[in-house]
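Okay, structure first, notes after.
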Amino acid sequence: MKYSPEDIIAQKILILDGAMGTMIQKQDLNEDSYRGSLFGDHPLPLKGNYDILNITCPDVIRKIHTAYLEAGADIISTNTFNANAVSQADYKMEDQVYRMNLEAAHLAGEAVSLFEKSGGSGSRFVAGAIGPTNRTASMSSDVNDPGARQITFDELAEAYSEQVRGLIDGGVDILLIETVFDVLNCKAALYGISNIFEERGISLPVMVSGTITDASGRTLTGQTLEAFLVSVSHFPLFSVGLNCALGAEQLRPFVQELSGKTDFYVSAHPNAGLPDQFGQYNQSAEHMAMVTEDFMKEGWVNIIGGCCGTTPLHIRKIAESAKKYPPRQRPLLKKYTRLSGLEVLTITPEANFVNIGERTNV
């Protein structure tokens, strides 16, 4: 019997897999590998378009999934971080988006099935990875025009909807909106997902993971962590968490803050430290496992994994540590009206007159 993610997460800390890009880079693939037999005449270079490998090099992607499963991952994420029409426009591959996601979900599902048939114990799940795209809906693209945008909310929602259709048709168990640097992009993804759920009469667990860009504790668009949390709390999320940008040491205070301020399950998948001058991540698996073990010992997380620079060895070490600790217990939070822009406004019974709007003294 295969249990659901909701069943398992109450019993143990779930292990999320590590970096896909890091593992693909280790394969040393050339342009022909990316093109395969289907895209030999494509007008633009395709090397670096990792998502097309779901179609042209499926064995490579399946092998990476298998390595993470063997390392102890309970959740493996699809190779679809940029498998959306917005990001694929750079390669003129928009017409392949649905297929990329469909095949990616199939590959991850096949890896899970093969792992289970070969004697792997426990339930394993496939999370459909949904990246932030290479556009931002909140920030101006023109320093001289604060209202200028390269993309609209509706365009993002449509792009995400197409991606989600492919992932669901491919059989994913979870949807993972990750590396959120602009909450408006994330809300477009959630809007698209809710429309697909309603259209199909289904529901899947949805994870959201934001990214804090530096020690200020804010996203790229300037939101505090608590404001980000409030901005996505309208949706019945399975979990909310943090990933990318920072290593585990730098992420520690923000994971602690998040744990105390949400009654959703909490996830964390940091980078393998900070990149060196060549953009390489050199933090050892042992050191990263030692730092992330503190998250588990303190009772801050329900899901733990790795982002940039992490490998199956990192995940194996983290998984070994996770066996020692129970999952985080969700706190009971008082219900208040919480509103968010870049900061949070919480209206409590003790609050006095709350002025809504803005006035201009001429």
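The values are calculated or read from the model by the stated rules, or taken from the named source; none is laboratory data. Please read all numbers here as calculations on a predicted model, not as lab measurements. Heads up, the Cβs are rebuilt from the backbone with ideal geometry, glycines too, and the neighbour counts pull from every protein chain shown.
Tell me the strands (runs of 3 or more DSSP E) entirely within the stretch 191-280 that contain at least 2 residues that are modelled with pLDDT under 95.
By residue number, 239-247.
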Output the number of residues of the stretch 124-165 satisfying the condition of being touching a Phe, Trp or Tyr at 6+ places or on another chain (Cβ under 9 Å), of a type in the set (A, V, I, L, M) and assigned to a loop (DSSP other than H, G, I, E, B). 1
Tell me, which helices (runs of 4 or more DSSP H) wholly within the stretch 18-58 include 1 or more residues that are more than 20 Å from the chain's Cα centre (by Cα) and either of a type in the set (S, T, N, Q) or closer than 27 Å to residue 319 by Cβ (or both)? 31-35, 53-56
Out of the residues in the stretch 281-297 that are assigned to a loop (DSSP other than H, G, I, E, B) and loosely packed, with under 15 Cβ neighbours inside 10 Å, state the one that is modelled with the lowest pLDDT. 282
If I filter the stretch 322-362 down to residues being part of a loop (DSSP other than H, G, I, E, B) and polar (S, T, N, Q), which single residue comes out as nearest to residue 249 (Cα to Cα)? 329
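Report yes if residue 104 is surrounded by 17 or more Cβ atoms within 10 Å (Cβ to Cβ), modelled with pLDDT of 95 or more and not in a helix (DSSP H, G or I), otherwise no.
No: the conditions fail for residue 104.
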Taking the stretch 19-38, which residues are surrounded by 18 or more Cβ atoms within 10 Å (Cβ to Cβ) and in contact with a helix residue (DSSP H, G or I) (Cβ under 8 Å, 6 or more places away or on another chain)? 20, 23, 24, 34, 35
Right, residue 319: of a type outside the set (Lys, Arg), assigned to a helix (DSSP H, G or I) and within 16 Å of residue 9 (Cα to Cα) or not? yes
Looking at (1) free of Cβ contacts under 8 Å to residues at least 40 places away in the same chain; (2) farther than 17 Å from residue 234 by Cβ; (3) within 19 Å of the chain's Cα centre (by Cα); (4) assigned to a helix (DSSP H, G or I), which is the one condition that is false for residue 168? (1)
